[in-house]
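Visitor: Attaching a single structure in structure tokens format; questions to follow.
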Amino acid sequence: AEGVLRQIEDAKRQLAINAFLEKEIYSDDSSGLNEAALEQEFKSNIESFRLREDVVKISYVMFDERDAANTLRSKVLRGAKWNDAVQEMQSDPGLSKQLLRVATNEYFTEAMLYPGELWKVARTLSKEEVSYVVKTSAGHCVLLLHDAKHLGELPEYDYAKDEIKQRIIIERRTAKYNELLATLRSKYEVDVRLASADSTRQNTNE
């Protein structure tokens, strides 16, 4: 019974610590992170954002049937803008039923792009080139390549934006945590150890 009570007390202390950290460290992490601040961080530390793997920026549409995919491809090849052609198909009651997935101006690494056939096709295209209809295990797909970057190259700001935000948030949490420890130590003259603190933890409110 004594062991159970001790575990309950430990759990209570842990919950209290977590609540304290949530309030003092993990709250308001992204305040002031506007576009100007993020872009400045990118420019100031641009070398640290060099790509660690190849990246493509593409738009694609996955269809259930080949004919629908060919219809989209034909529209674009005849001069229609990609987004206009996709929207036209989405508005068509018959063709819209064939749509499985639409990706617009999205970044992908090889590991992120599924099925794997799409990566192979994307790597063969020139900028703003439309692919042939790709038959995959997930459906029939048409791709449009917007850009491609290789390992070691500098990415566009849009690609690095999320990483920049996370870096700043982690730096802020680390600074607040260190400041908190220093304050507690000076106030209580004890060695404070908050074992559950993790300055890299994702904020569930983001």
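Visitor: Can you tell me how many residues within the range 109-127 are within 10 Å of residue 56 (Cβ to Cβ) and surrounded by fewer than 15 Cβ atoms within 10 Å (Cβ to Cβ)?
Guide: 3
Visitor: OK, next. Filter the range 91-108 down to the residues that are among the hydroxyl-bearing types (Ser, Thr, Tyr) and in a strand (DSSP E or B), then identify the one that is surrounded by the most Cβ atoms within 10 Å (Cβ to Cβ).
Guide: Selected residue: 107.
Visitor: Here's another thing I want to ask about it. Any idea how many residues of the range 109-150 are in a loop (DSSP other than H, G, I, E, B) and acidic (Asp, Glu)?
Guide: 3
Visitor: Continuing with this model, one more query. If you go through the range 61-107, how many residues are touching a Lys or Arg at 6+ places or on another chain (Cβ under 8 Å) and either among the polar types (S, T, N, Q) or under 17 Å from residue 122 (Cα atoms) (or both)?
Guide: Qualifying residue count for the region: 5.
Visitor: Filtering the range 128-141 down to residues that are open to solvent by 50 Å² or more (accessible area, probe 1.4 Å) and under 20 Å from residue 74 (Cβ atoms), which residue is nearest to the chain's Cα centre (by Cα)?
Guide: 128
Listed here are the residues, each with its yes/no results for (1) touching a strand residue (DSSP E or B) at 6+ places or on another chain (Cβ under 6 Å); (2) farther than 22 Å from residue 156 by Cα; (3) surrounded by 11 or more Cβ atoms within 10 Å (Cβ to Cβ); (4) modelled with pLDDT of 95 or more.
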residue	(1), (2), (3), (4)
1	no, yes, no, no
5	no, yes, no, no
27	no, yes, yes, no
49	no, no, yes, no
58	yes, no, yes, yes
76	yes, yes, yes, yes
82	yes, no, yes, yes
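Visitor: For the range 151-202: of the residues being part of a loop (DSSP other than H, G, I, E, B) and modelled with pLDDT of 85 or more, which is farthest from residue 42 (Cα to Cα)?
Guide: Filtering the range 151-202 for residues that are part of a loop (DSSP other than H, G, I, E, B) and modelled with pLDDT of 85 or more, the one farthest from residue 42 (Cα to Cα) comes out as 151.
Visitor: Filter the range 59-90 down to residues that are part of a helix (DSSP H, G or I) and over 29 Å from the mean Cα position of the chain (by Cα), then give me how many there are.
Guide: 8
Visitor: Could I ask something else about it? Considering each of 144, 151, 113 in turn, give the residue that is in contact (Cβ under 8 Å) with a residue 24 or more places away in the chain and more than 19 Å from the chain's Cα centre (by Cα).
Guide: Only one candidate qualifies: 144.
The values are calculated or read from the model by the stated rules, or taken from the named source; none is laboratory data. As the structure is a prediction and not an experimental result, all values here were calculated from the model. Glycine also receives a Cβ, built like all others from the backbone with ideal geometry; neighbour counts cover every protein chain displayed. These accessible areas exclude ligands, DNA and RNA; they are computed on the full protein's heavy atoms, side chains included. Shrake-Rupley method; radii C 1.70, N 1.55, O 1.52, S 1.80 Å.
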